[in-house]
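Here the structure is laid out as structure tokens; the discussion comes afterwards.
The values are calculated or read from the model by the stated rules, or taken from the named source; none is laboratory data. Everything numeric in this text was worked out from a predicted model, so none of it was measured. Ideal geometry is used to build each Cβ from the backbone, glycine not excepted, and the neighbour counts take in all protein chains shown. In case anyone asks, the SASA skips ligands and DNA or RNA and just uses the protein heavy atoms, side chains included. Shrake-Rupley method; radii C 1.70, N 1.55, O 1.52, S 1.80 Å.
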Amino acid sequence: MRNDFYGLLSELNNIFNDDGGYKSFPIDVVEVSNGYEVYAELPGVNKDDIKLTFDKGDLTIECHPEVLKDKKYLVRERNSMKLKRTISFGEIDEDKLSAKYENGILIVSILTKAPEVKKAKSIAIE
């Protein structure tokens, strides 16, 4: 879904676009036999501070890493901005979404809807 060109565009967007202070974070989207798995790197973020929403085929992951206040930083490289990513999936089974968070990695499992099989319809002749 994403390659180096799109990664570069994403970073340029973060630098030049004023989108309310949101910044991106790295993700992997893996196709599995019955859908997708999204792996999002969110180190230092508490599980309770992650907000997941799914609307009209779009998965949105939002959070705001905890910032140590009243500290004099000598080096500050960790992100302290709000983080947000949206990934479009289209038709999925919204009743079967699940997520877990381990060691700074959020894993969202997304199942695709089974294709609806319609039986052939018989047409009466008048």
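Do the conditions hold for N79, that is, is it of a type in the set (S, T, N, Q) and at pLDDT below 85? Break it down into steps so the answer makes sense when it comes.
Working: of a type in the set (S, T, N, Q): yes; at pLDDT below 85: yes.
Yes.
Residues to consider are V45, V30; find the one that is part of a strand (DSSP E or B), among the aliphatic types (A, V, I, L, M) and modelled with pLDDT of 85 or more.
Details: V45 fails: part of a strand (DSSP E or B).
After applying the criteria, what remains is V30.
If you check E62 against the conditions, is it of a type in the set (D, E, K, R), part of a loop (DSSP other than H, G, I, E, B) and either modelled with pLDDT under 90 or open to solvent by less than 80 Å² (accessible area, probe 1.4 Å) (or both)? It would help to see each step written out before you state the result.
Numbers: of a type in the set (D, E, K, R): yes; part of a loop (DSSP other than H, G, I, E, B): no; either modelled with pLDDT under 90 or open to solvent by less than 80 Å² (accessible area, probe 1.4 Å) (or both): yes.
Here the answer is no, as E62 does not meet what is asked.
Which of the residues belonging to segment 103-126 are in contact (Cβ under 8 Å) with a residue 40 or more places away in the chain and either open to solvent by 100 Å² or more (accessible area, probe 1.4 Å) or over 30 Å from the mean Cα position of the chain (by Cα) (or both)? Let's see the steps before the verdict.
Restricting attention to segment 103-126, the residues satisfying the condition of being in contact (Cβ under 8 Å) with a residue 40 or more places away in the chain are 104-112.
None - no residue of segment 103-126 is in contact (Cβ under 8 Å) with a residue 40 or more places away in the chain and either open to solvent by 100 Å² or more (accessible area, probe 1.4 Å) or over 30 Å from the mean Cα position of the chain (by Cα) (or both), so the list stays empty.
Within segment 68-98, which residues are under 19 Å from S24 (Cβ atoms) and either open to solvent by 100 Å² or more (accessible area, probe 1.4 Å) or not in a loop (DSSP other than H, G, I, E, B) (or both)?
Initial filter on segment 68-98 (under 19 Å from S24 (Cβ atoms)): 76-89.
Hits for segment 68-98 are R76, E77, R78, K82, L83, K84, R85, T86, I87, S88.
Quick check: anything in segment 5-25 part of a strand (DSSP E or B) and either surrounded by 12 or more Cβ atoms within 10 Å (Cβ to Cβ) or modelled with pLDDT of 70 or more (or both)? Break it down into steps so the answer makes sense when it comes.
Kept after step one, since they are part of a strand (DSSP E or B), are these residues of segment 5-25: 22-23.
Of the ones still in play, those that are also either surrounded by 12 or more Cβ atoms within 10 Å (Cβ to Cβ) or modelled with pLDDT of 70 or more (or both) are 22-23.
Within segment 5-25 (the criterion being part of a strand (DSSP E or B) and either surrounded by 12 or more Cβ atoms within 10 Å (Cβ to Cβ) or modelled with pLDDT of 70 or more (or both)), the answer is yes, since at least one residue qualifies.
Looking at (1) of a type outside the set (K, R); (2) at pLDDT 80 or above; (3) out of contact with any Lys or Arg (no Cβ under 7 Å at 6 or more places or on another chain), find the lone condition where L111 falls short.
The single condition L111 does not satisfy is (3).
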